[in-house]
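One structure is given below, encoded as structure tokens.
Derivation of every value follows stated rules applied to the coordinates shown; laboratory data play no part. Owing to the predicted nature of the structure, the values given are computational and were not obtained by experimental measurement. All Cβ positions, even for glycine, are placed from backbone atoms using ideal geometry, and neighbour counts span all protein chains on display.
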């Protein structure tokens, strides 16, 4: 039996009214780093000349209820990234339309800080965002538990175990692989809700300020208030062009706040809801999580990372 499905397309000119722009405030506050925010405004999706800049931006930072500083407002990293100061005329105007205000302070954030940002602009009502920086995770151990060398000798399969001591309450963790351990896979049930994302630099927009590589988020719902050991696997490819186990296998373990987790979870649902796919055509729109009052966006936080590593060159590998 053969079934044919046919469809047609029709272009419809938009004749409705364009809604007023929203103030957009985003920022991932990292313990050990200065506070920072990205401030811009939303643009109409049919606008072929969008202007994201916000006039007269001011941002005040309060730490544990006490005024700490006014963040310095400067132009977007987009201008530095694309070297547009060397460009002139229409090219410069085009770049500036996509610019935003990047605001950064001098105070170095600490674990446990309660942060409040007050954002002002002559174009919008005042906006406020609050976030508490989580405490660093309690890592007990990180080590290899099994090594498998296939007969072809082209790769080595390594299994790692990370043991955590989880405090009581809702906690959210992230594993960031680096150095020789650039990525990993895992069948551990903690990763059933969320999987790794490689394009984290696009999570808050098209910039590199928040890009840290691959995020692997999970909650403590399987081990709330107790010790837990999760396992992960990776492959090491062998060959003459590779230096054999000269780099350590390193993992950064951080605690994320609930705002980041909820935003990321809704963002993934939105990204998976492709309106051009067969499934996406019949699904409801996804409301992306926001915690900024009188604006849209998310201000989230992560703890100081606990860095653990295994030097396989010392194990005779």
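Things worth noting here:
- Computed E for residue 19/residue 132 - FRET, C-beta separation, R0 30 angstrom, nearest 0.05: 0.35
- For the listed peptides 140-147, 20-27, a ranking on the average number of other beta carbons within 10 Å per residue, highest first, reads 20-27, 140-147.
- Ranking of 173, 289 by count of other Cβ atoms within 10 Å, fewest first: 289, 173
- Placing a pseudo-label 7 Å from each Cα along the Cα-to-Cβ vector at residue 287 and residue 311 gives an inter-label distance of 5.3 nm.
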